[in-house]
Structure formats: structure tokens, C-alpha cells
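K.L.:
So that we are looking at the same thing, I have put the structure below in C-alpha cells.
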Amino acid sequence: MDVNHYLGIFLEESREHLQTLNRCLLDLEHDPEDLHVLDEIFRSAHTIKGMSATMGYAEIAELTHEMENVLDLLRKGTLKAHTDIIDTLFQCVDRLEQLVEEVADGRSGGIDVSALSKKLAAIAKGEAVSPAAEKKAEPSVLPATEAAANQPVLNETEIQLVKAATAQGMRVYNLTISIR
């Protein structure tokens, strides 16, 4: 079968689905729990994967296949959509747009998708680091030597306030906050 006959249809439909992916990812950013939008993203990625595999565009098929794996886990609730995942999916759409334009220009093999595919595979396996915003803060108890090293330097007024508070049965806490 001569797939060149279908090149125009492939390009037109791929571009439409890429627009849908961009629009839906923006919607997902605003509402990460919206299963309808996840389904629409999955369908567009799946369609691009099928068309590209049929046409012999292995890089596009590989990348969309890895996207599908992550999207399926999001739809099932195994993964939660957060900034890192959504940003990675946007990177995928950008790369897919480049790949489709490469096909339109009659070029191939100039764009490597392996690093992005590996990143998606790591996310799907749960190996990617979750964003700090999603981690639940748990109080930690420091060993005595670390606790002593982290003691705040208090002025005389602060020392008197701490003594008065403890005399009234209140607890005094030292919080250290680091922003990355």
C-alpha cells in the first residue's frame, strides 16, 4: 500500500489532534481531576499513535504510546495529574508538533524522542519524583546533635517570652522553612 497517498490526511488530522491536545492540557491544568478532558487527551493521543504507526512514523508512534501509558494511569486514578506530569505532556505535544512538521517538510530522523519517552516510562512506573507540593509535610524529629545545631539564636526578649509561655503550660516550637 502506498501511504504517500494518505500523507495529506495524516498531516491534517495530526495537526487537528495536536490542537486538541494543547487545548485539553490547558483545561487539565485548571482542573486536574476532570476525567472527561483526560479521556479526550487519551483519544487524541491514541488516534495520532494509530495513524503514525500505519504511516510508518515510528518516533511519533513511540512517543504517543508512552503518553498513552501515562494518560491511562491518570484516567484510572493510579497517578494524579500535577505540574510535572502536565509539563511533560506539553513537552510531548511540542515534540509531536515538530515531528509532524518534519514529516510535512519531507524530512525524517532529525528529532530524538528517546529521552522524553524514557521520562514518560519513568512516570508510568512511579519512578519520577512527585512535586513537593503534593508531598504531605510530616513532622520530623532530629537527633539531639542536629537539634542542638539548629537551635535558634534568641534575643533576651524572646527568651523571656519562651520562659513565660512554658511556665503557662504552652509548648514552644522552632520551625525552619526552606524554599527551593
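K.L.:
From the residues in region 47-61 that are in contact (Cβ under 8 Å) with a residue 24 or more places away in the chain and in contact with a His (Cβ under 8 Å, 6 or more places away or on another chain), which one is farthest from VAL93 (Cα to Cα)? Talk me through it step by step, then tell me what you get.
P.N.:
So in region 47-61, the residues in contact (Cβ under 8 Å) with a residue 24 or more places away in the chain come out as 47-48, 51-52, 54-57, 59-60.
Subset that is in contact with a His (Cβ under 8 Å, 6 or more places away or on another chain): 47-48.
Values: THR47: 14, ILE48: 11 Å.
Step by step, filter region 47-61, then rank; the result is THR47.
K.L.:
From the residues in region 50-60 that are surrounded by 20 or more Cβ atoms within 10 Å (Cβ to Cβ) and not hydroxyl-bearing (Ser, Thr, Tyr), which one is farthest from ASP87 (Cα to Cα)?
P.N.:
Residues of region 50-60 surrounded by 20 or more Cβ atoms within 10 Å (Cβ to Cβ): 51-52, 57, 59-60.
Pick out the ones that are also not hydroxyl-bearing (Ser, Thr, Tyr) and you get 51, 59-60.
Values: MET51: 24, GLU59: 20, ILE60: 18 Å.
Once the filter is applied, the top-ranked residue is MET51.
K.L.:
Cβ-Cβ below 8 Å, separation at least six or inter-chain, first residue in region 2-31 and outside any helix (DSSP H, G or I), second surrounded by 15 or more Cβ atoms within 10 Å (Cβ to Cβ): which pairs?
P.N.:
Filtered contacts from region 2-31: ASP31/VAL37.
K.L.:
A follow-up question, please. Hey, can you tell me all the residues within region 24-39 that are over 16 Å from the mean Cα position of the chain (by Cα) and farther than 14 Å from VAL70 by Cα?
P.N.:
Residue satisfying the conditions is HIS36 alone.
K.L.:
Right, something else. Does VAL103 satisfy the condition of being in contact with a Phe, Trp or Tyr (Cβ under 8 Å, 6 or more places away or on another chain) and either open to solvent by less than 30 Å² (accessible area, probe 1.4 Å) or in a helix (DSSP H, G or I) (or both)?
P.N.:
So VAL103 fits the description; yes.
K.L.:
Could you name every one of the helices (runs of 4 or more DSSP H) located completely within region 107-180 that has at least 3 residues being over 18 Å from VAL70 (Cα atoms), at pLDDT below 75 and not basic (Lys, Arg)? Don't jump to the end; show me each part of the working.
P.N.:
Working: elements: 114-124, 144-149, 156-167.
Passing ranges, in order: 144-149.
K.L.:
Also, quick follow-up: LEU79 is checked against (1) assigned to a helix (DSSP H, G or I); (2) open to solvent by 20 Å² or more (accessible area, probe 1.4 Å) and fails just one. What number does that condition carry?
P.N.:
(1)
K.L.:
Tally time: how many residues in region 32-43 are surrounded by 14 or more Cβ atoms within 10 Å (Cβ to Cβ), touching a residue at least 24 places away in the same chain (Cβ under 8 Å) and outside any helix (DSSP H, G or I)?
P.N.:
1
The values are calculated or read from the model by the stated rules, or taken from the named source; none is laboratory data. Here the structure is a predicted model, which means the values were calculated and not measured. For neighbour counting, all protein chains shown are included, and Cβ atoms are generated from backbone atoms with ideal geometry for every residue, glycine included. Surface accessibility is based on the protein's heavy atoms, side chains included, excluding ligands, DNA and RNA. Shrake-Rupley method; radii C 1.70, N 1.55, O 1.52, S 1.80 Å.
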